[in-house]
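The values are calculated or read from the model by the stated rules, or taken from the named source; none is laboratory data. Remember, predicted model here, so these are calculated numbers, not experimental data. Cβ coordinates were reconstructed from backbone atoms using ideal geometry, including for glycine residues, and neighbour counts include every protein chain displayed.
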Amino acid sequence: MSINTSHTQRCLADVSFSFLLVVVISTSLLMPATVLAADDPVSETQNDTAQDELKFPGEESNNKIVYHFNKSDESYQLAVLNTIRNMLRKYGDDIKIVVSVMGPGIHMLLKEPGIPVIPAVRDQVASLAFYGVEFHACGNTLITLHKDKKDVVDFATVVDAGVADLMELQQQGYAYISW
């Protein structure tokens, strides 16, 4: 009987030691995260906020804005493009921006503008398009200028009427910005 008791005690000791080892290892793995969270409650809040702000490609943003772009004056154009850049800086990927271009402003979207467009404007427009800003060219303005889709830069979308485009985008929740 003493052999069985001794063997049973050793088995219990082995099981207890194994259980204690699992508890110690588990606790040591969990403790750094718990200690960090207890020491720095702000980091947990910041992480929650950062995850709330993450957007997946194609996911709809609550921040939507449409710019009415209808002048050929270069100081006007540069000012509007600057505000668009500022919005991208502030909201990053969590903003949807459309620039509805019509009237004399349309020349900045033409491959061969009928009036001079400074290189800085053309470069900024191309750069903004690269960063996801959509440019809509008014089809009515193109008709007036005897131009069509092939005359417009590749990244722009031709819409039937710029004013209708503005209205429809506002109906979809876009904030309207006019200069």
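Among helices (runs of 4 or more DSSP H) lying entirely in the range 51-168, which contain 3 or more residues that are of a type in the set (D, E, K, R)?
74-91
Which residues, counting only those in the range 164-179, are touching a residue at least 40 places away in the same chain (Cβ under 8 Å) and either exposed (fewer than 15 other Cβ atoms within 10 Å of the Cβ) or in contact with a helix residue (DSSP H, G or I) (Cβ under 7 Å, 6 or more places away or on another chain) (or both)?
Gln170, Gln172, Gly173, Ala175, Tyr176, Ser178, Trp179
Restricting to the range 74-87, and then to whatever is without any contact (Cβ under 8 Å) to a residue 24 or more places away in the chain and closer than 16 Å to Asp123 by Cα, can you tell me which residue is nearest to the chain's Cα centre (by Cα)?
Asn82
Would you say Gly103 is more than 21 Å from Gln171 (Cβ to Cβ), of a type in the set (Gly, Ala, Ser), assigned by TED's automatic domain parsing to the domain that holds Gln172 and at pLDDT below 95?
no
May I ask you to say which residue of Lys96, Lys90, Lys147 is assigned by TED's automatic domain parsing to the domain that holds Leu166 and surrounded by fewer than 17 Cβ atoms within 10 Å (Cβ to Cβ)?
The match here is Lys90.
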